[in-house]
Amino acid sequence: MLPRRTGLLCTGMAIAVTYAVGVSASGVDESWLFERYRLGDTDTIRAVLEAIPESSDVGQFFRGVFEIDGDAARFYYDRVVALWPGGPAEPWTLERLWQYHYARGELTQAERFYNFLEQRHPDHPNLNCRPDFSVRSNLIQFDTDRGPSPVKGTASSVAGWTVQLGAFSRPEGAREVSRKMERFGRVELRARVIGRRELTVVTVGRFSGREDAARLAEEIRTSTGIRGWVVPLED
């Protein structure tokens, strides 16, 4: 494996960043990509996205991850399941599909895709905590289907890092989640307007280093099945 040097656009300036990326004839190493995705390192994946062949299941999956419109992202995921059954991107795609429907309150469809994931890929790392499909979630996804907006600026330019768990249409729903998250650290609730909707955003933890926040996000995912996003602190 040879290191790959990639240009990353950051605050209007192109800076060279070297990633230890496995390179093959078809592009970036797939196992490395999904490991970065599992760890929530979407910034690194975004930097090498153009090196991932769009005509592959992996290329379709990650273009869905970074698609702004949720319905358009669903188009990419449907293609992966239909055209590349059993491929390396299938388990991660089924995971995105059940989460997509669960967030929309479409529990029958969500459970169907979760069951597919459970049956076809029982060793998938994110199957440790089965969601409750009997009650409607009041979790509203962000205005994109890829989590919070990418960070602008460098790691040294932000005050710190936290784990953002979701944005809720009902404040009581946010408070319920915050109570469950208290064992992981300091929980904060903030009112924000996202996609023209007034929502309550739940975050947990305050860290000076992004790596520490990423470790907490992984601990929460492993313990609860809830996927958090590492974002800069808001003063």
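The values are calculated or read from the model by the stated rules, or taken from the named source; none is laboratory data. These figures come from a predicted structure and were not determined experimentally. Cβ: placed from backbone, ideal geometry, glycine included. Neighbour counts: every protein chain shown.
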Q: Would you confirm whether any residue within the stretch 41-48 is more than 25 Å from Arg215 (Cα to Cα) and at pLDDT 85 or above?
A: no
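So which residues in the stretch 64-96 are hydrophobic (A, V, I, L, M, F, W, C) and either over 16 Å from the mean Cα position of the chain (by Cα) or at pLDDT 90 or above (or both), if there are any at all?
Ala72, Phe75, Val80, Val81, Ala82, Leu83, Trp84, Ala89, Trp92, Leu94
Among the listed residues Ala191, Ala213, identify the single one that is hydrophobic (A, V, I, L, M, F, W, C), within 25 Å of Arg130 (Cα to Cα) and not assigned by TED's automatic domain parsing to the domain that holds Leu39.
Answer to the selection: Ala213.
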**Q.** Considering residues of the stretch 182-194 that are without any contact (Cβ under 8 Å) to a residue 40 or more places away in the chain and among the aliphatic types (A, V, I, L, M) only, the residue nearest to Arg221 (Cα to Cα)
**A.** Val187
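Check every one of the strands (runs of 3 or more DSSP E) wholly within the stretch 169-235 and list those with 3 or more residues that are over 24 Å from Leu127 (Cα atoms).
Qualifying strands (runs of 3 or more DSSP E): 187-194, 197-207.
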Q.
Between Glu54, Glu95, which is charged (D, E, K, R) and touching a Phe, Trp or Tyr at 6+ places or on another chain (Cβ under 9 Å)?
A. Glu95
(Q) Can you say whether Asp123 is modelled with pLDDT of 90 or more, surrounded by fewer than 16 Cβ atoms within 10 Å (Cβ to Cβ) and not assigned by TED's automatic domain parsing to the domain that holds Arg170, as far as the supplied structure shows? (A) yes
Q: Could you tell me which of the residues Leu199, Leu189, Leu165 is more than 14 Å from Trp229 (Cβ to Cβ) and touching a helix residue (DSSP H, G or I) at 6+ places or on another chain (Cβ under 7 Å)?
A: Leu189
Q: Pick out, from the stretch 41-91, the helices (runs of 4 or more DSSP H) lying fully within it that include 2 or more residues that are free of Cβ contacts under 8 Å to residues at least 12 places away in the same chain.
A: 70-83
